Structure formats: C-alpha cells, structure tokens
Amino acid sequence: MQLTSIPFLIYFLPILLIIYYAASFSAMAQNGVLFVFCLLFYSWGDPQSIMLLVACILLSSVASYLIKRMEGQMKKIMLYIGVGVNLFILFATRYMGTFLEMLGPSLGVELHYSVHEPMGMLVYILHAISYLVDVYRGKAEVDSPFNVGIYIAFFPFLSHGPLICYRDIQPQLRSRKIDYRLLALGACRLIVGLAKLVILSDQFSGVATNIFNLATIDSGEYSVPILLSWLGVGTFTLQVYFEFSGYADMAIGVAMLLGYRINENFNVPYSATSIREFWRRWEIGLVQWSQRYINSLFSETRSEGEDASVFQIFTFALMGFWHGTSYTFLLWGVFNGIIVLAESIVDYPAKIPTKFLKHVYTMFLVCLGMVMFRAGDIYQASRYYLDLFGLNNNGFFSDIALRMIRENWIYYIAGILFCTPIARNLNGRMFKDQNGLLNQVMTIVYPICMCLLLGICLCFIVVGNYFPTL
Amino acid sequence: MKYILRKVVFSIILFGILLLLLVQNAGTNGGRMIQIVRGTRLSSVESIKTAITSLEEAMNEGFTGRINFIELYSKAARIFGKKEFSDFLYVRDEKGFLHNTSFYSGYDPKILDYAIRLKIMQEKVEEKGGKLLFIIPPTKYRVGETVVDYGLPAANPENKISELMNIFTDYDISVIDFNQYFPNQSLPYDQCFYRTERYWTIPAAWMAAREISHWMEVSKGVRLDPDGSKLGPSAFDWVTYPGKMLGSQGLKTGKNYIGTEDFTALWPKDPGLYEYLSYLDNGERNIVRGDIYETLINKSLPDTLGEYPDMSAYNTYLPGQYRHSIITNRNNFEGLKVFMMRDSYFSPVSVFLAPVCGIIDSIWSDLEETIYQVENYIENQEFDFVIMEIDPYNISDDTFDFYREEAEIRMDMLGLIKKEEKNDRSLVL
C-alpha cells in the first residue's frame with residue numbers, strides 16, 4: 001500500500017486514527033492497535049513476507065533479552081549472531097544479485113540470481129540492528145516484543161525511511177502525550193508531504209525519466225543535446241529531493257498524528273555551500289544511523305594511527321547502497337565520500353570567495369552525482385556525462401527541452417521555491433511578528449490554501465489511477 | 001498562537017474531510033469489497049494477493065466524485081494551456097486531436113523475425129487450404145496533416161510500418177495497409193479519426209470491412225454480398241449522436257480539456273441471427289444468442305451517455321475486451337470461417353463482417369495474456385482466412401508471439417542470427 005494511494009488515505013489512515021484515538025485510555029491498548037495495523041499494512045503490500053517480518057521481530061526480541069542477560073565475550077557473540085542473521089537475510093534477499101552480477105565477469109560467466117525482496121526489508125532490518133546494538137551498548141532497555149514490533153514494523157517508515165535509532169524513540173514507545181498542537185502539525189505535515197510527492201515529484205519524474213531514457217539510446221543521431229541533458233539531471237535532482245523529503249514529511253506527519261515526535265530527515269539540503277554541509281542536511285536519519293552504528297564500529301576496531309579516510313569512504317559507499325541494489329548507487333556513495341574527504345583535505349570553504357559560487361559548486365557536484373544515481377549502469381552514466389559536456393556528437397539546443405519547460409513551468413517554479421529556504425524563512429518571519437498584517441491574513445488564508453492543496457493532490461492521485469480501456 | 005491556530009483549523013477540516021470521504025466511499029463500495037473478501041481463500045497467498053488487488057481496484061474505481069476530480073484536473077490543464085497531458089501521455093495537435101507520444105521511434109531490429117514467424121504461419125494456413133492476411137489500420141498521426149507545436153513528441157510509426165510492409169511484401173505475405181486507403185475523398189481526416197480516441201471512426205471501420213470483404217471475394221473467387229444488402233451503404237441507417245463521443249484518450253484527459261465530439265453510428269437494417277461466445281478472464285464462458293442488437297451491438301449506449309461520458313461510445317460495437325470470442329452467424333452456418341488476431345480497431349470491423357461470414361473466431365493480438373498457443377489453435381482447425389491485425393502503435397514482440405522456435409531455426413539456416421546471441425553463456429542460479 002502506497003502512502004499516496006486512495007486505499008491508504010481514504011480507508012486505512014482514517015480507520016486507524018478512529019480506533020487508535022478510541023483506545024487512548026491506555027498506552028498499551030494504543031500500542032496493540034498500532035502493532036496490528038502495522039502488520040495489516042505490511043500484509044496488504046507483501047502478504048507472502050509477513051512471516052519474515054514477524055520472525056525478525058521475534059529474533060530481535062530474543063537476541064536482545066540474551067544480550068542483556070549475558071556478560072563479557074558471550075554478550076558480544078550474541079550481538080554478532082543477532083546482527084549477523086539480520087545482515088545475512090538482508091544480503092541474501094537484496095544484494096546477492098548485484099554481488100553475483102559484479103562477480104560474474106571475473107569468472108567469465110553471467111550469473112543471475114533472483115529472489116523476492118520483501119517489502120521494506122532494508123528499513124526493518126536496520127531498525128532491528130539499531131535495537132540490538134543499543135541494547136548491547138546500554139543505550140536502551142530491553143523492551144516487550146510488542147514495542148519492538150512497532151519500532152521495527154512502523155508502517156510510515158517502511159518504504160523510504162527515515163531511519164530512526166532505537167534509543168531516540170524508546171521513551172515514546174512506552175508513553176507519549178498526544179496534544180492538539182502535535183495533531184495539527186502532523187496533519188499539515190502529512191498534506192505537505194503528499195503534495196511534494198504527487199504534485200512535484202511525480203511531475204519531475206515524468207520529465208527526468210523521458211530524458212534519461214532518451215539518453216540511453218546511443219550517440220550520434222540520437223544523442224541528447226546539452227540543454228536537454230542538463231534539464232534532465234536538474235529535474236531529476238529536484239525529483240529526488242521531493243520524493244525523499246515528501247515520504248519523510250508524510251511519515252513524520254503520520255507519526256505525529258499517532259503521538260510520536262520524529263527528528264527531521266531533511267534540512268533544505270540544496271541550500272548547502274559544500275558537499276560536507278549537504279550531507280549534514282540530506283537524509284539526516286541515515287547519516288546519523290551510519291555514524292552511530294558503522295562509524296563507531298570502525299572507530300572501535302581501528303588501530304591507532306590508521307587512516308580513517310578509507311572507513312569514511314566505505315561508510316558513504318554503504319549509504320549509497322541504502323538507495324538501491326545496483327552498483328551505481330555504491331559508486332554514487334563513493335563519489336560523495338571522496339568529495340567530502342577532498343573538501344576536508346584542501347580546506348575547501350576558505351578557497352571560494354562568495355557564497356553564490358559555493359552554491360554553484362555544490363549543486364554542480366550534486367547534479368553530477370545524480371547522473372550516477374539515476375543511470376542504470378556505468379555505460380549509461382558515462383554516455384550521459386558525455387552528453388552533459390557536449391562530447392557525444394551532440395548539439396546544444398533542444399526544442400524538446402524548451403517544450404518541457406514551457407509545459408511544466410509552474411512545477412519548476414514551485415520546485416525551486418520549495419527546495420530553497422525561502423518558504424521557511426517567510427514562515428519564520430510571520431511567526432515572529434504575531435500581530436503583523438501578513439500573519440493575520442495567513443491565519444485565514446492558510447487553511448483555505450491547504451484545503452486547495454488537498455483537493456489538487458486528490459486530483460493528481462485520481463488522474464494517475466485512471467486507465468480507461470477499450 | 002496564530003501559527004498553531006491556522007494549523008489547528010486546517011487539521012479539524014482535514015479530519016472532517018477524511019471522515020466524510022471514508023463514510024461516503026465505504027457506503028458506495030462496501031458491498032463490492034465485502035463480496036471480494038468473502039470470496040477470498042485465506043489459506044492461499046495467491047488468492048489473498050488477488051483479493052488485495054481487487055480491493056484496491058474497487059477503492060480506486062469507486063472513489064466518490066472521481067469524474068469531478070478528473071474534470072478539475074482537466075480544466076486546470078486547459079487553463080494553463082498545456083499541449084501535453086499527464087507527463088506526455090498524449091499531445092494535442094493544432095486541430096485539437098490527441099496523439100500518442102514517443103520520445104524515440106527508431107528502427108526495430110526484430111521486424112525480420114516477425115516476417116519469418118508470419119511466413120511460417122502463412123505456410124501452415126495454406127497447407128490447410130486457407131489464406132493469411134496481415135492488416136495495419138491507419139495511424140492517427142499523418143505526415144502533412146498533423147501539425148504539433150515545437151518539441152511535442154507525437155508518435156509517428158510511419159517508418160516502422162513502411163519497413164514492416166516492405167519486408168512482409170518481400171516474403172509474399174498478403175498485406176493491406178489502410179494508411180494507403182485513409183483518409184480519402186469520401187472520408188476526410190476528421191471523419192476518419194476521432195479527436196479523443198486512438199482508433200478509427202465507425203464509418204472508417206465500415207469502409208475497411210468492405211475492403212477486406214472484397215479481398216476475401218477475390219482470394220476465394222466467391223461473392224459474399226452480391227446485392228450489397230449486407231455491407232453496402234444501403235444496408236445501414238446512418239445516425240449521428242451530437243456530442244456523445246469521448247474516446248479512451250478523452251476519458252483520460254477529461255472533457256474539460258479536449259471536449260466531446262459527434263458519434264456517427266451505422267445501424268444494420270437486417271438484424272440477422274447470431275451467437276456470441278466470449279471467454280472471461282477467469283476462464284468462464286458467456287454465450288448470448290439473438291439478433292445483432294442483442295449480441296454484437298449495444299445500440300442504446302450512445303443515448304445513455306451523459307454530459308460527462310464515463311465510457312467511450314466506441315464500445316457500442318462488440319463491447320468488452322475478451323481474450324477469446326467467437327461470433328457465429330446462425331443464418332449462415334456454412335459461410336466462411338475466419339480466425340482473427342485483433343485489437344479494438346477490429347471490434348466494429350468484426351461486427352460489419354459478421355453478416356458475410358459463417359464464423360469469426362478472434363483472439364486478442366497482444367498474446368501475452370492469451371491462454372492459447374496460437375500455433376496449435378490454427379493447426380488443429382480449418383479456417384478459410386486467418387487475419388492478423390495489429391495496432392500500428394503496438395508493433396512489438398508480444399504481438400508476434402508465435403512460431404518463435406521455428407523462426408529461429410529458419411533464421412539460423414539462413415545465417416541471420418547474430419553470433420553473439422548464439423554464444424551467450426549464462427548460468428541461471
């Protein structure tokens with residue numbers, strides 16, 4: 001079930017909220033309702049894999065109990081077993097195919113491996129690992145399988161995250177206070193996320209997909225002109241941001257409606273002035289998870305005097321793999337890791353005089369990285385890079401590019417506006433000046449605009465689902 | 001405080017809207033959904049998956065006010081002057097006709113394969129005394145006729161068709177390319193195609209049926225309609241229904257974007273006597289017997305379409321999309337036995353040909369969904385004619401899904417298979 005679908009928005013969510021609020025007399029009853037709905041959500045999307053999810057919850061619960069009970073070396077062994085089993089399942093179902101594909105050429109054969117990847121597996125396995133490690137390190141208490149189940153299978157996060165560390169959410173799993181402010185903020189956040197996804201991201205996706213598909217054909221007669229290729233990568237950069245942040249907003253919004261306060265996952269990343277800063281603003285949950293469970297592991301195992309840069313690049317590579325199973329994601333991660341490392345070596349921020357140039361530099365590299373993120377393989381990525389710089393026997397001008405801008409100008413304006421801090425700053429100013437005219441007007445206009453936004457979202461969803469056939 | 005106040009106001013409205021939509025939609029679709037749940041076997045994962053898909057369909061299709069939302073989107077697209085619709089799904093030309101899109105319509109390297117597969121089929125059909133005919137209906141995009149604004153990637157399959165026809169003709173396969181017939185003096189472009197539908201108009205389909213009937217007559221040396229009482233112009237009442245046509249493309253874009261158009265129907269004067277057997281997706285059979293209006297034509301459909309049609313009037317002729325259907329002319333049991341691989345272009349054509357044939361046995365030409373091995377089906381029966389018709393926008397491997405192995409062997413013998421394909425070493429785990 002997609003968070004942006006009619007079944008979720010019109011049936012699942014309202015029914016969940018009604019029953020959840022009706023059970024507000026007891027935190028345990030609410031947790032029970034939430035757990036059942038998490039399983040229901042999962043079963044709806046991937047009924048054949050529900051037992052694997054339940055097994056993961058039970059395994060994590062049992063392993064955490066044993067970790068807590070044991071001491072010394074046995075405790076560590078128990079942790080390794082718990083984490084190892086989770087990682088093995090993840091590798092076998094998600095990454096084995098890519099691994100064999102990469103291994104094949106060196107053996108002189110083409111290796112195929114295909115197995116059904118359970119829905120949301122990456123998120124729930126990483127959540128399970130977080131739980132086990134936090135218990136091992138004493139950062140969190142052993143919890144009931146119910147609460148662990150809610151954390152691992154929390155449905156808003158299953159498809160795209162954000163990743164949450166167990167230690168951050170454990171207090172809320174046990175008790176939480178729902179007040180009208182939280183509900184109001186959650187409702188608005190939900191609709192903003194929905195709008196980002198169904199209006200902006202979907203629209204950008206259509207444009208970017210067409211251009212990238214066109215670029216896969218070949219060079220020469222069918223090569224993509226420079227203007228079109230830059231439009232493609234620029235549009236894809238916008239698409240990725242609105243897709244990821246849209247899902248994060250919806251997930252955070254739903255969590256708020258259920259009384260949970262979740263940390264932000266994006267902080268206007270395209271306003272960054274360096275790649276290092278970009279990664280402080282981009283997928284904050286993923287970065288934090290990596291720092292806590294991968295970086296710290298390296299720090300523990302690294303011997304004194306050993307260079308940390310390799311570990312840093314390895315962490316970025318793993319973060320790349322979070323986004324997909326193709327090795328192009330791994331390369332995207334490595335690319336970012338190298339840039340971050342290079343920036344720290346050459347003391348980058350001091351080298352470029354103006355903030356504007358720093359923005360240009362950052363967005364240029366982000367866009368270059370996005371080519372690797374989007375391309376199906378290295379060959380396609382290399383063709384696209386050649387297109388971008390006019391090295392593929394391609395021209396500059398493209399009437400298709402102009403047409404795409406002409407047809408989608410309103411989405412581009414909205415996209416550029418909402419991926420920069422302009423809207424947020426405006427909101428902040430209004431909030432500061434409580435009695436200002438703008439604030440007064442917004443109090444009336446805001447609910448109307450949000451209702452309109454909801455209506456527009458429903459239009460996009462309905463049109464997207466409508467396939468009249470003969 | 002005001003910052004929160006406006007959010008609180010909106011959240012109250014949102015909860016109200018969600019509750020209202022839940023009650024309304026559950027009320028409308030509840031019955032259908034309960035039926036689906038009752039018919040599900042919980043012991044089977046496949047059954048559960050099918051039930052979930054059906055439930056999602058019921059929720060989406062039965063969404064309250066669906067048409068209003070589509071029309072609102074449609075209106076907005078019109079206001080913004082958009083010439084493409086829904087991520088370049090369709091583009092609108094200068095005359096207001098909707099066209100399919102394609103960012104790339106290049107050379108299809110498998111056309112030779114298709115020719116060889118069809119040639120083998122022709123040989124098999126001729127072994128049994130039958131004839132094979134390959135038909136391409138006309139494309140809505142016409143060079144010289146269709147004008148689109150700069151950068152709009154309207155799909156133009158002309159080159160692919162021309163190459164296909166050349167190779168098929170080289171292989172001595174009988175072909176009719178209706179791009180050569182339409183538009184013509186008696187049926188100009190805007191009467192040949194709908195603005196809102198990808199298929200041809202009913203009068204164009206009728207003219208095509210006459211042409212096919214003529215080809216059959218010449219091929220078999222028989223007279224199918226000597227006095228013109230079955231296919232001639234005087235055999236039909238021509239009735240135009242103003243503003244009743246919103247084709248499948250128009251239904252997707254909404255009426256506000258593209259508007260409706262007139263629908264001209266040809267009602268046969270002789271009702272005849274027919275049997276129409278269709279196989280449903282679940283394998284069940286459905287048989288109707290009676291005159292042409294009880295079996296093949298839904299004459300009341302144009303009258304039932306409202307201001308915002310929710311169905312294309314094109315469905316008047318042989319409604320539905322069945323993987324397999326058989327029309328039997330009960331007044332002409334000894335008539336010609338025809339097998340067709342077809343799509344919606346041929347729904348009206350089948351109806352017009354029914355009076356001059358004995359049996360028209362049809363399967364959908366996108367064979368991916370077909371339960372039959374078309375080779376076995378043709379070889380185990382005797383047909384006077386086998387007609388293959390494909391949508392010019394849908395020339396693909398799926399539509400030529402027959403005699404693959406035989407074709408490969410023949411191509412191998414002719415040295416037409418690429419070496420690297422043969423040397424492909426792959427290990428499937």
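Just so you know, all these numbers are worked out from the coordinates, no wet-lab data involved. Being a predicted model, the structure only gives us computed values, none of them experimental. Neighbour counts are summed over all protein chains in view; Cβ atoms, including those assigned to glycine, are modelled from backbone coordinates with ideal geometry.
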Original post:
At what distance in angstrom do the alpha carbon centres of the stretch B:123-139 and the stretch B:238-254 lie from each other?
Top reply: 33 Å
Subject >> Rg/Rg_ref, the stretch A:360-423, where Rg_ref = 2.2 N^0.38 Å and atoms are Cα >> reply: 1.34
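Return the subset of B:Lys131/B:Lys337; B:Lys128/B:Lys230; A:Lys68/A:Lys177; A:Lys76/A:Lys139; B:Lys83/B:Lys255 for which the Cα-Cα distance in this structure is over 18 Å, preserving the input order. Intermediate values should be presented prior to the final figure.
On the way: B:Lys131/B:Lys337 11 Å; B:Lys128/B:Lys230 28 Å; A:Lys68/A:Lys177 29 Å; A:Lys76/A:Lys139 15 Å; B:Lys83/B:Lys255 15 Å.
In this structure, B:Lys128/B:Lys230; A:Lys68/A:Lys177 lie more than 18 Å apart at Cα.
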**OP:** Can you tell me the dipole magnitude for the stretch A:298-384 around its Cα centre, using point charges on the Cβ only (Lys, Arg +1; Asp, Glu -1), in Debye to the nearest 20?
**Re:** 540 debye
**OP:** Could you give me the percent of Cα pairs per 10 Å distance bin for the stretch A:182-420, shortest bin first, beginning at zero and ending with the bin that holds the maximum distance?
**Re:** 7, 27, 34, 23, 7, 1
**OP:** Excluding A:Gly45 itself, calculate the net charge of residues whose Cβ lies under 14 Å from the Cβ of A:Gly45, where each Lys or Arg counts +1 and each Asp or Glu counts -1.
**Re:** -2
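Taking R0 as 45 Å, what FRET efficiency do you get between B:Glu123 and B:Tyr308 from their Cβ-Cβ distance, rounded to the nearest 0.05? Could the numbers behind the result be given before it?
Working: r = 51 Å, r/R0 = 1.14.
Rounded to the nearest 0.05, the efficiency is 0.30.
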Original post:
Taking one equal scatterer on every alpha-carbon of the stretch B:99-174, how large is log10 of I(q)/I(0) by Debye at q = 0.15, 0.17 1/Å?
Top reply: -0.63, -0.74
**OP:** Add +1 for every Lys or Arg and -1 for every Asp or Glu among the other residues with Cβ under 13 Å from the Cβ of A:Thr273, and state the total.
**Re:** +4
**OP:** Find out how many positive minus negative residues lie around A:Ala248, taking Lys and Arg as positive, Asp and Glu as negative, among other residues whose Cβ is under 13 Å from that of A:Ala248.
**Re:** -1
Original post:
Check B:Met340: other-chain or 5+ apart residues with amide H under 5 Å from its amide H, H built from backbone geometry?
Top reply: B:Asp361, B:Ser362, B:Ile363, B:Ile387
Subject >> Per-bin percent of Cα-Cα distances, the stretch B:178-311 [10 Å] >> reply: 11, 31, 36, 20, 3, 0
**OP:** Enumerate the calculated ³J(HN,Hα) couplings along the stretch A:264-277 in order (Karplus 6.51 cos²θ - 1.76 cosθ + 1.60, θ = phi - 60°), each rounded to whole Hz, writing x wherever the residue is Gly or Pro.
**Re:** 5, 10, 9, 9, 5, x, 7, 9, 5, 10, 7, 5, 4, 5
Subject >> Tensor-based shape of the stretch A:256-374 (alpha-carbon gyration tensor, a/c under 1.5 rounded, otherwise prolate or oblate) >> reply: rounded
Subject >> Overall dimensions of the stretch A:426-470 as given by Cα atoms, namely Rg and Dmax in Å >> reply: 17.2, 58
Subject >> Percent RCO, i.e. relative contact order, over the stretch B:2-64, from Cα pairs under 8 Å lying at least 6 residues apart >> reply: 38 percent
**OP:** Could you grab the Rg to Rh ratio for the stretch A:383-470? Cα atoms only, Kirkwood for Rh.
**Re:** 1.17
**OP:** Could you rank the peptides B:50-58, A:38-46 by their average count of other C-beta atoms within 10 Å per residue, with the highest value first?
**Re:** A:38-46, B:50-58
Original post:
How big, in percent, is the set of alpha carbon pairs in the stretch B:248-296 lying more than 13 Å apart?
Top reply: 70 percent
Subject >> For chain B, average projected area of the Cα convex hull in nm² >> reply: 28.5 nm²
**OP:** Straight distance only, please: which lysines reach the Cα of A:Lys432 with their own Cα at less than 22 Å, same-chain residues fewer than 8 apart left out?
**Re:** B:Lys2, B:Lys7
Original post:
Counting alpha carbon pairs within less than 8 Å and at least 6 residues apart, what relative contact order, in whole percent, applies to chain B?
Top reply: 16 percent
Subject >> Length-normalised contact order of chain A in % [C-alpha pairs under 8 Å, at least 6 apart] >> reply: 16 percent
Original post:
Going by a ≥ b ≥ c, the root eigenvalues of the Cα gyration tensor, does the stretch B:2-64 fall in the rounded group (a/c under 1.5), the prolate group (a/b larger than b/c) or the oblate group?
Top reply: prolate
Subject >> For the stretch A:178-294, Kirkwood radius (reciprocal of mean inverse C-alpha pair distance, Å) >> reply: 16.1 Å
**OP:** Determine the shape class of the stretch B:117-249: with a ≥ b ≥ c the square roots of the Cα gyration tensor eigenvalues, call it rounded for a/c under 1.5, and otherwise prolate if a/b is greater than b/c, oblate otherwise.
**Re:** oblate
Original post:
Which value results when the Cα radius of gyration for the stretch A:299-434 is divided by 2.2 N^0.38 Å?
Top reply: 1.38
Original post:
Hey, if you put +1 on the Cβ of every Lys and Arg and -1 on every Asp and Glu Cβ in the protein assembly as shown, which of A:Val36, B:Tyr241, A:Leu185 ends up farthest toward the positive end of that dipole?
Top reply: A:Leu185
Original post:
Using unit Cβ charges (K, R positive; D, E negative) and no other charged atoms, how large, in debye to the nearest 20, is the dipole of the stretch A:246-339 about its Cα centre?
Top reply: 200 debye
**OP:** Rounding to the nearest 20 debye, state how big the charge dipole of the stretch A:370-470 is about its Cα centre with +1 on each Lys and Arg Cβ and -1 on each Asp and Glu Cβ.
**Re:** 220 debye
**OP:** Send over the Kirkwood Rh of chain A, from the inverse of the averaged 1/r over different Cα pairs, rounded to one decimal Å.
**Re:** 24.3 Å
Original post:
Mean Kyte-Doolittle of at least 1.0 and a Cα length of 15 Å or more along the axis: which whole DSSP H helices of chain B meet both?
Top reply: B:2-38
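I'd like the projected area of the protein assembly as shown, averaged over all directions, using the convex hull of its alpha carbons. Report it in nm² with one decimal.
43.0 nm²
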Original post:
Mind listing P(r) for the stretch A:21-176? All alpha-carbon pairs, 10 Å bins, whole percents.
Top reply: 11, 36, 31, 16, 5, 1, 0
